[in-house]
1. What are the ³J(HN,Hα) values, in whole Hz, obtained from phi via the Karplus relation 6.51 cos²θ - 1.76 cosθ + 1.60 with θ = phi - 60°, for each residue of the stretch 24-36 in sequence order, with x given for Gly and Pro?
2. On a full-extension model of 0.36 nm per residue, what is the gain between Leu88 and Asp41, subtracting their alpha-carbon distance, rounded to one decimal in nm?
3. If I compute solvent accessible area with a 1.4 Å probe over the protein chains, what percent of it on the chain is carbon and sulfur?
4. Which lysines, if any, have their Cα less than 28 Å from the Cα of Lys82, not counting same-chain residues under 8 positions apart?
5. Using Rg and Dmax of the Cα atoms in Å as the read-out, say which of (1) 18.5, 59; (2) 15.0, 43; (3) 45.0, 154 was calculated from these coordinates.
6. Using the heavy atoms of the protein chains and a 1.4 angstrom probe, tell me the accessible area per residue for the chain in square angstrom.
7. For Ala29 and His96, what is the calculated FRET efficiency with R₀ set at 25 Å and r taken between the beta-carbons, to the nearest 0.05?
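The values are calculated or read from the model by the stated rules, or taken from the named source; none is laboratory data. This one's a predicted model, so the numbers in the text were calculated from it and none came from an experiment. We place every Cβ from the backbone using ideal geometry, glycine too, and count neighbours over all the protein chains shown. For accessibility, only protein heavy atoms count, side chains too; no ligands or nucleic acids. Shrake-Rupley method; radii C 1.70, N 1.55, O 1.52, S 1.80 Å.
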Amino acid sequence: QEIRIHPEFRFFATQNPSTYADRHKLPAALLKRFVLLEVPDFDADDLREILTPMSAEFRGTSTLTSSELQQLAEFYVACRAKSIPITLRQVERMFHRRQKLTTS
């Protein structure tokens with residue numbers, strides 16, 4: 001059965017690089033169906049700006065200091081520069097662990 005889609009239908013997908021843990025390269029036949037756009041990594045300043053509201057959202061009223069946010073951002077950027085696969089999700093988990101450690 002053929003399914004017809006609307007002419008303005010668009011599909012957007014994202015994928016971390018295959019160098020990340022448990023990631024695999026997509027088959028060439030599938031890749032040919034997409035327009036590939038590589039998005040560069042964040043620099044430390046951009047990442048700090050992203051993490052600032054995250055620290056308040058995930059921690060309630062307890063937020064990380066500007067210095068701590070800068071350290072986390074620099075840590076992420078340094079890991080990525082050395083091709084160490086780390087994601088923003090992992091950085092967010094660091095927020096959780098830090099909060100648990102400092103309130104215990």
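1. Karplus-based 3J(HN,Hα) across the stretch 24-36 equals 10, 5, 6, x, 4, 4, 6, 4, 4, 8, 10, 8, 8 Hz.
2. Values: separation 47, 0.36 × 47 = 16.92 nm, distance 1.07 nm.
Full-extension gain reported as 15.9 nm.
3. Numbers: 4860 of 8810 Å².
Taking all protein chains in place, the chain shows 55 percent carbon and sulfur surface.
4. Here the lysines satisfying the reach criterion relative to Lys82 are Lys25.
5. So the structure-derived entry is (1).
6. 85 Å²
7. On the way: r = 40 Å, r/R0 = 1.59.
Calculated value: 0.05.
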